[in-house]
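Everything below concerns the one structure shown next.
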Amino acid sequence: MQFLTEALAAIKRHGLYRQIPDYDPVDATHVMEGGRRYLMLASNNYLGLTHDPAVREAAAAAALRYGAGSGGARLTTGSHPLFAELERELAAFKGTEAALVFNTGYMANVGVISALAGPGDVIFSDELNHASIIDGCRLARAKVVIYRHADAGHLAECLATTPCTGRRLIVTDGVFSMDGDIAPLDQIVPLAERYDALVMVDDAHATGVIGPGGRGTAAHFGLKGRVHIEMGTLSKALAAEGGYVAGRRELIDYLVNKARSFIFSTALAPATVAAATAALRQLAVRSDLVERLLANARFLRDRLNEAGIDVAASPTAIIPIIVGEADAAVTMARSLKQAGLIVSAIRPPTVPPGASRLRLTVSAAHSREELAAAAAHIIAAGRRLGIVKE
Ligand code: PMP
């Protein structure tokens, strides 16, 4: 096992060593660690619904009614009535015929892509797509063509020049997880139609965030019905765990029979499914949640921009601050932690070398006072590190 020691030493040498934090959550936006309270600016809990009373009560009631675990895969013994309810409500929310829940967003991407594409097919994938999409492409054993990030012109070129005897599948994050920018679906969909390609969009960071009522990227662009596969997660704005796929009923039927990550894994626990359904219902009745999230993100972004910190004008809840080298990102994240803030330092291999960054995520549950104080700390740390334009 000597290789483990060597590999770990190499990871440490490159400043890429990571450890699992020891957080003790207090509420939707605060955690304790080592007896100290921190403001969380790195969670995907976009709407703060993890701690919503109705969501927590639904989870508890489901555990009491149906048990703690599901005991089997959906196709064998693990289904329970809460799944049908959630899938019906997800389909209604997305405006599709049907929906299917997977155990994680990761498993949804891996299962769907490998079920829809295989040898002889071509997958066109944005270069900044999430790791779960990349892994799904690898598992599919189809030809994979990577197009430049959010570059519909390059995608058009790739479509025109790549011979394909089977199916074409274009897959993209809706909201990109590291930069928070939105895929140009309004340009991608017409191209897909011209080349008879399927379009799959990953709405992990778009669900509950963009589009009317938080309905995601296709809705954001008014493209309902023209995106074949709308994937998303239950693990971010929807405050639980799991992934979903929404689309035509035949697509869902096909995935039930073909997606191996769906078939060969134990179904989600009743409490998780009930929590996601309750969160979806909160989203439907509290239209102010999405507005508050986006207004909070705009507020923090504006404070940082005004102070000379370069943050992109993305209209989502993800705020990247490009720092450069991995060490600098870690130093800045540490200094912010000393000030009581938790932000993520994102380093290679998640982002390319030289593009290490802090990644802030805003929640609807943050108060303006908290965000203003956080901005002041970030600006001060940025000045010390020399990443603020004077
Ligand atoms: N897609 C994207 C774009 C993501 O950011 C993530 C998770 N960070 C996933 C898929 C995977 O979702 P999950 O965490 O539910 O497995």
Whether any residue in the stretch 346-357 is within 20 Å of the chain's Cα centre (by Cα) and modelled with pLDDT of 95 or more is what I want to check. no
Reported set for the stretch 333-357 where residues are crowded, with 18+ Cβ neighbours inside 10 Å, under 19 Å from Val31 (Cα atoms) and out of contact with any Phe, Trp or Tyr (no Cβ under 6 Å at 6 or more places or on another chain) is Ala333, Leu336, Leu341, Val343, Ser344, Ala345
Output for Cβ contacts, cut-off 9 Å, separation at least six or different chains, first residue aliphatic (A, V, I, L, M) in the stretch 124-137, second open to solvent by 50 Å² or more (accessible area, probe 1.4 Å) and within 10 Å of the ligand (Cβ to nearest atom), reads Ala131/Tyr106
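Residue-wise test of (1) open to solvent by less than 10 Å² (accessible area, probe 1.4 Å); (2) among the aliphatic types (A, V, I, L, M).
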{"position": "Asp52", "(1), (2)": "no, no"}
{"position": "Ala61", "(1), (2)": "no, yes"}
{"position": "Leu64", "(1), (2)": "no, yes"}
{"position": "Gly78", "(1), (2)": "yes, no"}
So in the stretch 92-112, with the set limited to residues that are more than 9 Å from the ligand (Cβ to nearest atom) and under 15 Å from His228 (Cα atoms), which one is most open to solvent (accessible area, probe 1.4 Å)? Glu97
When (1) exposed (fewer than 13 other Cβ atoms within 10 Å of the Cβ); (2) away from the ligand (no atom under 16 Å from the Cβ); (3) at pLDDT below 90 are applied to Arg37, the one that fails is (3)
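Working carefully through the options Leu191, Leu198, Leu185, find the one that is hydrophobic (A, V, I, L, M, F, W, C), touching a helix residue (DSSP H, G or I) at 6+ places or on another chain (Cβ under 6 Å) and more than 16 Å from the ligand (Cβ to nearest atom).
Leu191
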(1) more than 17 Å from Ile170 (Cβ to Cβ); (2) surrounded by 24 or more Cβ atoms within 10 Å (Cβ to Cβ); (3) away from the ligand (no atom under 13 Å from the Cβ): which one isn't true of Ala237, the others all being true? (3)
Within the stretch 113-172, how many residues are closer than 20 Å to Arg260 by Cα, away from the ligand (no atom under 16 Å from the Cβ), of a type in the set (Gly, Ala, Ser) and surrounded by fewer than 16 Cβ atoms within 10 Å (Cβ to Cβ)? 2
Residue count, the stretch 219-234 (criterion: touching a residue at least 60 places away in the same chain (Cβ under 8 Å), open to solvent by 50 Å² or more (accessible area, probe 1.4 Å) and under 30 Å from Ser43 (Cα atoms)): 1
List, please: which pairs have Cβ atoms under 8 Å, are six or more places apart or on different chains, and start with a residue in the stretch 5-22 that is exposed (fewer than 11 other Cβ atoms within 10 Å of the Cβ) and end with one that is among the small types (Gly, Ala, Ser)? Asp22/Gly34
Can you name the residue in the stretch 277-312 that is within 19 Å of Val388 (Cβ to Cβ) and touching an Asp or Glu at 6+ places or on another chain (Cβ under 8 Å) and, of all such residues, is surrounded by the most Cβ atoms within 10 Å (Cβ to Cβ)? Ala312
Can you spot a residue in the stretch 265-275 that is open to solvent by 40 Å² or more (accessible area, probe 1.4 Å) and of a type in the set (Val, Ile, Thr)? yes
Can we say Asp179 is charged (D, E, K, R), open to solvent by less than 10 Å² (accessible area, probe 1.4 Å), under 18 Å from Ala312 (Cβ atoms) and touching a residue at least 40 places away in the same chain (Cβ under 8 Å)? no
Filtering the stretch 204-218 down to residues that are open to solvent by less than 10 Å² (accessible area, probe 1.4 Å) and under 12 Å from Gly95 (Cα atoms) yields Gly216, Ala218
Qualifying residue in the stretch 243-250 (condition: more than 20 Å from Ala218 (Cβ to Cβ), surrounded by 24 or more Cβ atoms within 10 Å (Cβ to Cβ), at pLDDT 95 or above and within 16 Å of the ligand (Cβ to nearest atom)): no
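The values are calculated or read from the model by the stated rules, or taken from the named source; none is laboratory data. The structure presented is a predicted model; accordingly, all values stated were derived computationally and were not measured. Reconstructed Cβ throughout: ideal geometry from the backbone, glycine too, with neighbour counts over all protein chains shown. Note: areas computed on protein heavy atoms with side chains; ligands, DNA, RNA excluded. Shrake-Rupley method; radii C 1.70, N 1.55, O 1.52, S 1.80 Å.
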